[in-house]
Every structure is written in C-alpha cells, then in structure tokens.
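Please read the structure below before turning to the comments.
The values are calculated or read from the model by the stated rules, or taken from the named source; none is laboratory data. Every value quoted in this text rests on a predicted model; they were computed, and no experiment measured them. Note that we place each Cβ from the backbone using ideal geometry, even for glycine, and neighbour counts take in every protein chain shown. Accessible surface is based on the protein model in full, side chains and every heavy atom, while ligands, DNA and RNA are left aside. Shrake-Rupley method; radii C 1.70, N 1.55, O 1.52, S 1.80 Å.
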Amino acid sequence: MSYIEVRDLWKRFKKREAVRGISFQVERGEIFGFLGPNGAGKSTTISVLAGLLKPTAGDMSVAGYSIAGNPMEVKRCIGLVPQDIALYPKLSARDNLRFWGSMYGISRLELQRRVKEVLELVGLSERGAEPINNYSGGMKRRINIAAGLLHQPELLILDEPTVGVDPQTRSRIFEIIRHLNQDGTTVIYTSHYMEEVELLCDKVTIIDEGQIVASGTKEELLRQVGGKQEITLTVPFINESLYQQLKSIPHVQQVKAMEEQVDILTDQADTILTSVLGNFINAGVPVSKIEIKKPNLETLFMKMTGRTLRD
Ligand SMILES: Nc1ncnc2c1ncn2[C@@H]1O[C@H](COP(=O)(O)OP(=O)(O)OP(=O)(O)O)[C@@H](O)[C@H]1O
Ligand SMILES: [Mg+2]
C-alpha cells in the first residue's frame, strides 16, 4: 500500500461535478506534482485530502489512516499551505504563526521554538515583529508556507504557492521545498505552471475537468509525446480559413489559435515549416516570431485535451 492512496474520488458542489473519479498514489518521500488549468479540480482534491471538504464518493488514506475512519490522524500528518493567503494583516508575522500553532494544539514552549525555526527556514526572522500589512506579496507567501510547517508535518501540501511572486521568491520557495523534502517530508505540489512541475517533481498527475488526463514520472509522460514537437508562431491575428488550412497540412496533429499566438502540434516540425509559413504569407498574415519547442508536459496536455494549460 502506498503512503497516500486516493481511490475513485468524486466531489459534487450542487450541480457541478468538480472532481469525477480521481485515483492516484504517492510514495513516502516523493515530490508529487498536481498539474492542471484553472478549475481543473486541484484545490478541491487537496481540500478533501486535508479533511476540509467531505468527498461525495471515494476514499483516501494517508500513512495507512483512512480519511473517513481516522480524520484526526490524517490531519496531524498534513501541513496545508492554502492557495489563498490565510493571515491576519494587522498582526505581526510572529503572532500569526503563534495563532496557527495554537490551532494545531502545540504547547506554548514548543510553539515558541517552532515559530523561531520556521521563520528562519523561510528567511524572515529579521522581519517577524512587523505586521503582515508591511509585507510584500512574496513575503506573505513565505509566511503562509511557514504556517503550514509549525507542527512538523510529514506531508506538506502546497496549493499554487508561487502565484504572484517574482522569480527570486519562486526559487527561494523551491529551495525551501527541496530542503524539507531532503529531510524526509513528502510533498504534494499543485500548479498550473508546467515548468515548475517539471523542475521540482518526481511524479506528476495532470488533471483537467475533474479527471486525470495523464500520470507518471516525468520521463514516462514525456515518452507519451515522444517525437512530437510544437511550432509556436506569433501573429497579429488568424482567421477561420487560415486555421482550417493549417489543420489540413499533412503531419499537423493539432492547431491551437489564441490571441496573437498559434500553436501547432506535429511530428515533423522541420518538414512542414515551409508550408506552414507559406499559408501565413498567402493569407497576408505577417509572422513576427517562430519557435520550435521540444515536447514537454504542456505538449502532452495539448495532445490529450486539444487546449493549452493556460486557457
Ligand atoms: N465551494 C464551491 N462551490 C461550488 N463550486 C465550487 C466550489 N469550489 C470549487 N468549485 C468549482 O469546482 C471546480 C474545480 O475548482 P477547483 O478550485 O478545485 O479548481 P483548481 O484546479 O484549484 O483551479 P485553480 O487553478 O483556478 O485554483 C470549478 O469549476 C469551481 O468553480
Ligand atoms: Mg485551486
């Protein structure tokens, strides 16, 4: 039995099926990536796992404890870093952490030590006395992470922890996650950034519209798109007839037209490039940039759903 087992999980909100039969496993010590576009059902799945929402059907277990049968044991294992920042703006970072720590039932003395440790870990010891109001977005994100670590959880679940942060804070957050993982913490990392998941995670599950689209190690997933390439063209516009012409070029497998960008999925980028460009020239649409990309998880998502992750 795996460290985390999710079996045929369903979650319905009134008429909306947010999660429709999801199953996956995570082994102890892994960094597990949960990748999907807006509204895919990532936060809902995580909220069920963390015991914040009751599933409509299905079961999950962590470290052998079923969430239905032993919710308290499961909660004790998990540190959740929610997507929305859960901090009191007028309180200092330290007081925020004390508040969250007391919610976990940590004793006063222990809490004092832990608050100091987690502040050091996220690199904000110096600023701990200041109210959250004074913090930058990236600093708030780091305190949000610190709050999830107070009770030394063996499983850390982060829900899009890098939204709205600068690249420097992002690498800092990645360092923190890697450090915790090296110390034995299992990590579930949710994101709609394919690059992040590729960089950080051992195993990845891609979800869309409440269902699993693909799942495996990065290597296994990339093998599924092996040989596929993506041609990306930057253009001012594209019309229906040009779109249809591109789709009918041999070896073109998918065409995705967005505002000012066209993505073409193919297994023969070099051979079709001239005819792709020819179509744009004939249609009188100037191309300002062309890029040929190696297959990545974004390519896989496009192959499986016909859409891009950032729709
Ligand atoms: N409390 C709720 N009541 C009704 N519908 C909900 C609720 N929470 C989520 N949903 C719906 O369930 C679906 C999945 O939402 P969820 O928040 O799990 O997506 P997500 O993958 O986390 O997306 P994002 O990347 O935008 O955070 C969406 O259609 C959303 O509108
Ligand atoms: Mg979410």
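Listing for the model above:
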{"item": "Value of [θ]222 nm, deg cm²/dmol, for the chain, DSSP H segments ≥ 4, -39500 (n - 2.57) each, nearest 500", "result": "-11000 deg cm²/dmol"}
{"item": "Accessible area per residue, Å², the chain with all protein chains present, probe 1.4 Å", "result": "48"}
{"item": "Those lysines that a straight Cα-Cα span of less than 18 Å connects to Lys247, excepting residues fewer than 8 apart in one chain", "result": "Lys228, Lys256, Lys303"}
{"item": "Under 11 Å, Cβ to Cβ, from Leu97 - net charge with Lys/Arg +1 and Asp/Glu -1", "result": "+2"}
{"item": "Accessible surface of region 157-311, 1.4 Å probe, proportion on carbon and sulfur as whole %", "result": "47"}
{"item": "Cβ-Cβ FRET estimate between Gln268 and Asn239, R0 fixed at 30 Å, reported to 0.05", "result": "0.75"}
{"item": "Carbon/sulfur fraction of accessible area - region 1-138, other protein chains in place, 1.4 Å, %", "result": "51"}
{"item": "Non-local Lys pairs in region 4-220, i.e. 8 or more apart or on different chains, that have alpha carbons under 22 Å apart", "result": "17"}
{"item": "Candidate residues His179, His151: accessible-area rank, largest first, probe 1.4 Å", "result": "His179, His151"}
